[in-house]
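Below: the structure, in structure tokens.
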Amino acid sequence: MSTYRPLDATALTAHLATLPALSARLGGSPESWTAREVSDGNLNTVFIVSGPAGSLCCKQSLPYVRVDPGWAMPLERTLFEARWMQTLGAAVGHQIPALLHLDEGLFLIVMEDLSTHKVLRTALIEGDAPAGFSARIGEFVGHAGFATSWRARPFEDLFALREVFARNLSLTRITVDLVMTDPYRQGCARNRWLSPALDSDVAEIQSDSVLHAGVTRLQERFLGTTQALLHGDLHTGSVMVHNEDVRVIDGEFAIFGPLGFDLGMFIANLVMNGYALPDRESWMQDEISLLWSGFCNAYRQSWDGNTGCGDVGSLATPEETTHDQDRFFREVMRDCAGFAGLELIRRTMGFAQAADFAAAPDTAWEAEARRRALHTGRRLIVKSALIEDIEALLDAL
Ligand code: ADP
Ligand code: MG
Ligand code: MG
Ligand code: MG
């Protein structure tokens, strides 16, 4: 284990040269390696190091938010990302990059390089995302979700895992504040919006007590539900695609919570892309349907094939299990609708906004797309208790 220091390209290459297994993957001598920075997220630095035999992706925490160095942030987040990869690796296979190395002193993870892939949000903006990717994301959430559920594992295992991820405090604080609190607070300095076009829409959101009651319910669901280990930041920038190969990256926000949080966040990011760009409505509906069916099929298959070491559902007959499954999917959909609503609002007027809006054909279109996102967000939150299947969700968009 090494002492923490932020590594630049030169220091990173020198550090890798001290690690035989990683050096062997790169091949040749360290002088022949190149390191290029590809950081484009809000929090961390990411380098791709290439050698004659192969390449590596290296991600390191900084003691602050990368895009806002005045905002101090504990380093531990890469450790949670590594724990997330270790916890889910067996259940999701190569749907996440392989973890090759963790240095808990440098807060550095080295993983499989996915440079042949493209970040999904970029592909969606540029219009070259392979159709149907959402089915793979649904399957990912289904497999990860079932594998960390009360039905799959005894409570002793899950209590221990929950204890690990319950220490992911600083990033959970970001979620609680940025996703489910700040946007609804008048005068919160971290909010920003297209002004004056959206001034009255924002004022409504910040003074609507029916909406605020819905947000409170979702805060309670997020913090009080331990359905499964969530990704916690499953937007379209946390997915990389290359033809049929769809990978989920950036699990540093992992925390136990309701599965509808991950699904709803992903759906909201599809919706914002669909609103921002012309002729995307039917595409958007298709992808959302595929996400949901991919999730339900994967989760149900794992459930049906479950060998039964979990402590929930062990009494159920096959017929009772079918009823239980229907009840479960209705509950996940209600959460999913509500959390999609939160994500639509926070990515439109909160601290970290969806880049998709800036790709709208003109400013009038962008303003309309943003307004729709705010209004759909409100509708989903307020009506989430009534949204229990995919048809009801699509109707609400
Ligand atoms: P942050 O936590 O700061 O958001 P990310 O994990 O999202 O960091 O990574 C930032 C960027 O680095 C991604 O958008 C992608 O371009 C690149 N990246 C991340 N992981 C990989 C990987 N395994 N292979 C190739 N590029 C990657
Ligand atoms: Mg990221
Ligand atoms: Mg590949
Ligand atoms: Mg991240």
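The values are calculated or read from the model by the stated rules, or taken from the named source; none is laboratory data. All values derive from a computational prediction rather than experimental measurement. When we count neighbours, we look across all protein chains shown, and the Cβ atoms used for this are built from the backbone with ideal geometry, even at glycine. The area values use the complete protein model at the heavy-atom level, side chains included, leaving out ligands, DNA and RNA. Shrake-Rupley method; radii C 1.70, N 1.55, O 1.52, S 1.80 Å.
Scanning region 108-145 for residues that are open to solvent by 10 Å² or more (accessible area, probe 1.4 Å), part of a helix (DSSP H, G or I) and away from ligand 4 (no atom under 16 Å from the Cβ) returns 125, 126, 135, 136, 139, 143.
Of everything listed in (1) over 17 Å from the mean Cα position of the chain (by Cα); (2) modelled with pLDDT of 95 or more; (3) surrounded by fewer than 21 Cβ atoms within 10 Å (Cβ to Cβ), the single unmet condition for residue 64 is (2). If the condition is being closer than 20 Å to residue 103 by Cβ and near ligand 1 (Cβ under 9 Å from one of its atoms), then region 63-75 contributes only 66.
Of all residues in region 329-358, those satisfying the criterion of being more than 15 Å from residue 379 (Cα to Cα), open to solvent by 10 Å² or more (accessible area, probe 1.4 Å) and out of contact with any Lys or Arg (no Cβ under 9 Å at 6 or more places or on another chain) are 330, 331, 347, 358. Being part of a loop (DSSP other than H, G, I, E, B) and on the phi < 0 side of the Ramachandran plot is the requirement here; does residue 234 meet it? So residue 234 passes the test. Scanning region 309-327 for residues that are open to solvent by less than 40 Å² (accessible area, probe 1.4 Å), under 30 Å from residue 129 (Cα atoms) and in a helix (DSSP H, G or I) turns up nothing.
Against the condition within 25 Å of residue 366 (Cβ to Cβ) and open to solvent by less than 20 Å² (accessible area, probe 1.4 Å), how does residue 239 come out, does it pass? Yes; evaluated as a whole, the condition is true for this residue. Contact map, region 64-91: first residue farther than 18 Å from residue 40 by Cα, second residue open to solvent by 60 Å² or more (accessible area, probe 1.4 Å) and among the polar types (S, T, N, Q), Cβ cut-off under 8 Å, separation 6 or more or different chains; the map is empty.
For region 21-37, enumerate the residues that are of a type outside the set (D, E, K, R) and surrounded by 16 or more Cβ atoms within 10 Å (Cβ to Cβ). Across region 21-37, the qualifying residues are 22, 23, 26, 33, 35.
Take residue 87 and decide whether it is in contact with an Asp or Glu (Cβ under 9 Å, 6 or more places away or on another chain) and either assigned to a loop (DSSP other than H, G, I, E, B) or open to solvent by 10 Å² or more (accessible area, probe 1.4 Å) (or both). Answer is no for this residue.
Within region 244-259, the set of residues being acidic (Asp, Glu), open to solvent by 20 Å² or more (accessible area, probe 1.4 Å) and either within 16 Å of ligand 2 (Cβ to nearest atom) or in a loop (DSSP other than H, G, I, E, B) (or both) comprises 244, 250.
Scanning region 341-385 for residues that are under 18 Å from residue 263 (Cα atoms), assigned to a helix (DSSP H, G or I) and small (Gly, Ala, Ser) yields 341, 373, 377, 384, 385. Out of curiosity, is residue 80 out of contact with any strand residue (DSSP E or B) (no Cβ under 6 Å at 6 or more places or on another chain), aromatic (Phe, Trp, Tyr) and not in a loop (DSSP other than H, G, I, E, B)? Criteria met by residue 80. Within the set 277, 234, 263, the sole residue that is under 26 Å from residue 327 (Cα atoms), more than 16 Å from ligand 1 (Cβ to nearest atom) and either crowded, with 24+ Cβ neighbours inside 10 Å or at pLDDT 95 or above (or both) turns out to be 263. The sole residue among 41, 105 that is open to solvent by less than 60 Å² (accessible area, probe 1.4 Å), out of contact with any Gly (no Cβ under 9 Å at 6 or more places or on another chain), part of a loop (DSSP other than H, G, I, E, B) and of a type outside the set (A, V, I, L, M) is 105. On inspection, residue 39 does not qualify as in contact (Cβ under 8 Å) with a residue 40 or more places away in the chain, within 16 Å of ligand 2 (Cβ to nearest atom) and among the small types (Gly, Ala, Ser). Can you work out which of the residues in region 1-20 that are out of contact with any helix residue (DSSP H, G or I) (no Cβ under 8 Å at 6 or more places or on another chain) and surrounded by 12 or more Cβ atoms within 10 Å (Cβ to Cβ) is farthest from residue 61 (Cα to Cα)? Among them, the one singled out is 19.
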